[in-house]
1. Counting DSSP beta bridges with both partners in region 1-79, what percentage is antiparallel, nearest 5?
2. Please report the antiparallel percentage of DSSP beta bridges with both residues in region 2-133, rounded to the nearest 5.
3. Quick one: check the C-alpha center-to-center distance for region 58-102 versus region 1-56, whole angstrom.
4. In debye, nearest 20, what is the charge dipole magnitude of the chain about its Cα centre with +1 on Lys and Arg Cβ and -1 on Asp and Glu Cβ, if you could check?
5. If exposed GluC sites (Glu not before Pro) are those in a DSSP loop with at most 12 other Cβ within 10 Å, what is the longest stretch of the chain that has none?
6. Give a quick list of chymotrypsin sites (Phe, Trp or Tyr not before Pro) in region 1-89 that DSSP marks as loop, anything other than H, G, I, E or B, with at most 16 other Cβ atoms within 10 Å.
7. In percent, what relative contact order does region 20-132 have, based on Cα pairs under 8 Å that are 6 or more apart in sequence?
8. How long are the semi-axes of the equivalent ellipsoid of region 2-133, defined as square roots of 5 times the Cα gyration tensor eigenvalues? Whole Å, largest first.
Amino acid sequence: MSVHVAAAIIHRDGRVLAARRAGGEQGGLWELPGGKVEQGETAQAALRREVREELGCELGAAWPYDTVEFDYPSFHLVMDCFVCTLAEGATPAPDPAVHSELRWVARDELEALEWLPADVALAQTLAYYWDETFEDQLL
């Protein structure tokens with residue numbers, strides 16, 4: 001079984017937003033905000049909907065960064081990742097049913113977090129290509 005999700009690499013003031021899962025099998029692990037792409041929905045539309053639902057705010061710009069594929073024991077994950085900005089005046093707040101904590105992390109803090117298995121390589125790549133990813137002309 002394959003699961004398609006969209007993830008937001010939300011960048012602000014030289015940091016990206018990480019979210020700690022509230023519960024479930026992988027509770028306590030960190031992830032990028034986002035969620036499942038519904039039938040008939042584009043990955044970017046799913047991303048905007050999920051950020052609205054989970055963080056209570058709107059995204060500004062969002063452009064494709066990478067697609068990560070990862071095999072969990074019970075499913076194959078396809079994760080479309082987007083580099084994003086927040087809409088003017090937006091302040092993310094966690095939905096306690098989904099995330100227990102939000103944290104703005106700097107480049108050198110990325111690899112210190114205990115990420116979901118599918119997000120580990122992405123966090124490492126993001127740390128390595130940080131400057132190229134967040135060049136001023138892109139944001």
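1. Numbers: 11 of 15 bridges.
Bridges in region 1-79 that DSSP calls antiparallel: roughly 75 percent.
2. Details: 23 of 33 bridges.
Looking only at bridges with both residues in region 2-133, the antiparallel portion is about 70 percent.
3. Result: 3 Å between the Cα centres.
4. Details: 10 positive and 25 negative charges, 64 e Å.
In debye, rounded to 20, the chain gives about 300.
5. Details: sites that count: Glu25, Glu38, Glu88, Glu114, Glu135.
Longest run free of exposed loop sites: 39-87.
6. Details: sites: Trp30, Tyr65, Phe70, Phe75, Phe82; in loops: Phe75.
Filter output for region 1-89: Phe75.
7. It comes to 28 percent, rounded to a whole number.
8. Working: eigenvalues 71, 62, 50 Å².
Rounded to whole Å, the semi-axes are 19, 18, 16.
Since every read-out is calculated from the coordinates, none of them should be taken as a lab result. In this text the structure is predicted, and so the values were computed from the model without any measurement. Neighbour counts run over all protein chains shown; Cβ positions are idealised from the backbone, glycine included.
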